[in-house]
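The values are calculated or read from the model by the stated rules, or taken from the named source; none is laboratory data. These numbers come from a predicted model, not from an experiment. Virtual Cβ from ideal backbone geometry, glycine too; neighbours counted across all protein chains shown. We work out accessible area using only protein heavy atoms, side chains counted, and drop any ligands, DNA or RNA first. Shrake-Rupley method; radii C 1.70, N 1.55, O 1.52, S 1.80 Å.
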Amino acid sequence: MNKDSVLAYVKLYQHILEQYHITLSEEDFKNIYKLVELVFQLDDLYDLVGKSFKNHELAKIKKTMINLMPNNHPIGLSAIETLFQAMENEISLNLSESLTKYLTVASKSIGSGILTGYLASRLALESKVWFSKIIIEFNDEIDTIIRLANDYLDLNTHQKRKLAEIPQIKALNFFNNKSQYKRYLFSRYVIHKFRYLVYLIRFKYLKLSSNWKEHWQAIICSESILDWAFKVYVIDRNSCQE
């Protein structure tokens, strides 16, 4: 992990949250940085060539993540369990699987859920709202787009990074060419942004729900992470790795 690069992007995320009128403390941003660092460590355990690990290393990372989650909130704890399970599930993926199956598994191992889980926990969102059908579907779509955005880096990956990682399936493997992949990524992004606009009108402006405020908070928690990831992976083309 390139620590300076990640630190700069954590500061950028602070500005993104301000645009959504979400204010966190400096301690929160320190915790977010630590969580990103832990996600990198976890990813390295599974991906780096010649890297072997023992269960106690996984347990140490998980325990540290749990300790960072505000008030042991169930949303944050659930996000941690989902990430670790997804890392295990991703090992068994192969090219005989469909793109849908790949994205279903790999979208949960990208680590974005840890950050949305932290934010939702800090804002003390109700579990019944966060795990409602509308928010689950919204988050699933965001996780998928972030996975596609992360894999977008592999269109022009440095050979050094390729050699450092264990050969693994990427989204590009399911497309005939790079152009088709780009069209797919950006079309899903545009469709999602239209969906976000619909929710903006529905919950923030028209308040078409008795708990519109809670739903809106949940939506902007996740949308802020997408904005951040899209800036890092697609606009800046930065893997935040050395």
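A few points about this structure:
- Volume in Å³ per residue [convex hull over Cα atoms, computed for the chain]: 123
- Ordering of 92-99, 57-64 by packing is 57-64, 92-99, highest average first (other Cβ atoms within 10 Å, averaged per residue).
- Extending 7 Å from the Cα toward the beta-carbon at both Gln41 and Arg183 defines two label points whose distance is 4.4 nm.
- Interatomic Cα distance distribution for segment 114-234, bins of 10 angstrom, percent: 12, 38, 29, 16, 5, 0
- Of all lysines in the structure, the ones whose alpha carbon falls short of 20 Å from that of Lys11, not counting any fewer than 8 places away in one chain, are Lys3, Lys30, Lys34, Lys231.
- Normalised by the number of residues in the chain, the mean separation of alpha-carbon contacts (under 8 Å, six or more apart) gives a relative contact order of 26 percent.
- Exposure rank, largest accessible area first [Phe29, Phe174, Phe194; 1.4 Å]: Phe194, Phe174, Phe29
- Using a probe radius of 1.4 angstrom, the carbon and sulfur fraction of the accessible surface of segment 57-108 is 53%.
- Hypothetical label at Asn71: residues of segment 215-242 whose amide nitrogen lies under 17 Å (7 Å Cα-Cβ projection): 215, 217-218
- Gyration tensor over the Cα atoms of segment 1-121: the corresponding equivalent ellipsoid has semi-axes (square roots of 5 times the eigenvalues, largest first) of 26, 17, 15 Å.
- Taking every protein chain into account, the accessible area of segment 3-235 amounts to 51 square angstrom per residue (probe 1.4 Å).
- Reported value for segment 63-107: 64 Å³ per residue, from the convex hull of its C-alpha atoms.
- Karplus (6.51, -1.76, 1.60) ³J(HN,Hα), θ = phi - 60°, over segment 123-139, in Hz, Gly and Pro reported as x: 7, 6, 5, 6, 4, 5, 7, 4, 9, 6, 4, 5, 6, 4, 5, 5, 5
- Residues with amide H under 5 Å from that of Asn2, placed H, sequence gap 5 or more: Gln241, Glu242
- Distance histogram in 10 Å bins (all Cα pairs of segment 200-242, percent per bin): 27, 33, 23, 15, 3
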